[in-house]
Amino acid sequence: MKAWLSTLALTAALSVAGVAGAADSTPPNHPGYPNQMEGDVVVRDFALTNGEHLANARFHYIALGTPQRDAAGAITNGVLLLHGTTGSGRNFLNPSLGGELFGPGQPLDAAKYFIILADGIGHGGSSKPSDGLKGHFPHYGYVDAVEGQYRIVTEGLGIKHLKLVAGTSMGGMQTWIWGERHPDMMDALMPIASQPVAISGRNMLWRQLIIEAIRNDPEWKGGDYAAQPTAYTRALPIFQIMVNNASVLQQQAPSRAAATTLYDQWVADYAKTVDANDYLYWFESSYDYDPSPDLEKIKAKLVAVNFADDLLNPAELGVMEAAMKRIPHGRYVLIPASDQTRGHQTLTQAKVWKGALEEVLK
């Protein structure tokens with residue numbers, strides 16, 4: 001077993017300041033990602049910013065690559081990647097992301113970097129409503145998600161400083177929060193498909209449609225349903241409509257009949273895979289997101305990447321240009337629409353934006 005895995009196992013067995021970690025050292029399950037393993041950090045009493053508490057809060061992560069250490073034993077090559085609203089850290093293992101980023105000679109070559117894929121609270125292997133508390137799960141926000149990620153990095157893995165924090169969509173928004181709340185924690189930041197302002201306008205309106213569809217589903221029962229509600233799933237395709245560009249949707253639904261069939265398929269898929277409470281909490285958790293007052297606190301080099309055909313983060317609002325004037329080492333990259341972009345979902349296509357990642361890592 002690699003020495004660093006032994007160290008993680010030792011760290012995971014300890015309980016410090018109310019934190020109990022548990023690392024599961026598993027053999028690599030992807031030929032291109034060396035030393036892939038998974039672990040959890042468990043916080044016995046996790047205090048949320050709204051005053052609520054979660055007992056035995058579990059924060060899950062996947063790690064891959066090999067840590068490099070300085071003379072004092074501190075890990076010096078850590079990279080933290082943060083996922084979007086409907087995903088988990090595992091999304092980064094998909095070929096269109098990890099296959100473009102983690103291989104030999106690629107920007108985040110796993111032979112050079114120690115890469116942490118964190119599941120935010122409410123997502124993946126981390127604590128979430130569907131684990132049993134249902135509608136009684138505390139109402140977490142993005143700041144709470146960042147605190148859980150911070151616990152993974154510092155108390156679970158013992159990392160004091162990161163080379164990079166980067167994220168897509170919700171993960172991009174949380175990247176801005178990282179830069180403000182922990183300004184000395186990283187060398188570089190890369191928020192992708194996000195804007196450093198509170199969610200409002202069109203971006204909030206379509207989210208509110210989903211929230212209200214769940215809360216007004218007669219089968220939801222205040223979150224205490226025994227069987228999954230289904231009526232609200234008729235509204236969920238608005239997500240697909242908002243995150244893809246017109247070209248992608250036209251290809252998928254080139255006729256009236258094809259569009260009806262696609263809509264029905266989306267609804268059927270949601271009904272099979274979505275937990276109503278988890279989904280509701282995902283979209284309500286942005287209630288505390290607004291990094292705009294504190295942008296001057298960001299010290300790290302920052303390269304923000306957005307896409308010109310992204311309906312969620314409209315370039316025409318001028319948000320990014322104004323923000324860059326307030327960040328000492330900030331740069332904004334707007335990728336023009338092309339046959340390679342997919343609206344907001346271009347975030348899943350690392351080949352389109354990894355040039356900016358190479359820039360921020362220099």
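The values are calculated or read from the model by the stated rules, or taken from the named source; none is laboratory data. Quantities reported herein were computed from a predicted structural model and do not represent experimental measurements. As a convention, Cβ positions derive from the backbone with ideal geometry for all residues, glycine included, and neighbour counts pool all protein chains shown. Keep in mind that these areas ignore ligands, DNA and RNA; they rest on the heavy atoms of the full protein, side chains included. Shrake-Rupley method; radii C 1.70, N 1.55, O 1.52, S 1.80 Å.
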So for segment 132-202, what are the equivalent ellipsoid semi-axes in whole Å, largest first, each being the square root of 5 times an eigenvalue of the Cα gyration tensor? 22, 19, 9
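Give me the percent of DSSP beta bridges within the chain that run antiparallel, rounded to the nearest 5.
50 percent
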Reachable aspartates and glutamates, given that their alpha-carbon falls under 13 Å from the alpha-carbon of Lys134 and they are not under 8 places away in the same chain: Asp224, Asp275, Asp278
Counting heavy atoms of the protein chains only and a 1.4 Å probe, report the per residue accessible area for segment 161-233 as a whole number of Å². 35 Å²
FRET efficiency estimate (nearest 0.05) - Cβ-Cβ, Gln252 to Ser292, R0 22 angstrom: 0.05
Links exceeding 22 Å between C-alpha atoms in this model, out of Lys163/Lys297; Lys128/Lys354; Lys221/Lys272, come to Lys128/Lys354
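Largest first and in whole Å, give the semi-axes of segment 163-305's equivalent ellipsoid, each being the square root of 5 times a Cα gyration tensor eigenvalue.
33, 20, 12
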For Lys351 paired with Ala231, estimate the spin-label separation in nm (one decimal), with each label point 7 Å from Cα along the Cα-to-Cβ line. 4.5 nm
Segment 54-156: relative contact order in percent, alpha carbon pairs under 8 Å with at least 6 residues between: 35 percent
Along principal axes, largest first, the alpha-carbon spread of segment 159-245 in whole Å comes out as 49, 32, 19
Hey, what's the per residue convex hull volume over the C-alpha atoms of the chain, in cubic angstrom? 142 Å³
Measure off 7 Å from each Cα along the Cα-to-Cβ vector at Asn94 and Gln208, then give the distance between these two points in nanometres to one decimal. 2.9 nm
For segment 236-315 the mean separation of alpha carbon contacts under 8 Å (6+ apart) over residue count, i.e. relative contact order in percent, is 42 percent
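In percent, how large is the relative contact order of segment 249-362, given Cα pairs closer than 8 Å and 6 or more residues apart?
Values: 93 pairs, mean separation 26.6, N = 114.
Relative contact order comes out at 23 percent.
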Cα centroid separation - segment 313-360 against segment 222-262, whole Å: 26 Å
Pairwise FRET efficiency - Ala337 versus His161, Cβ, R0 = 51 Å, nearest 0.05: 0.85
Rounded to the nearest 500, what is the 222 nm mean residue ellipticity of the chain from helices alone, with -39500 (n - 2.57) per DSSP H run of 4+ residues and division by all residues? -9000 deg cm²/dmol
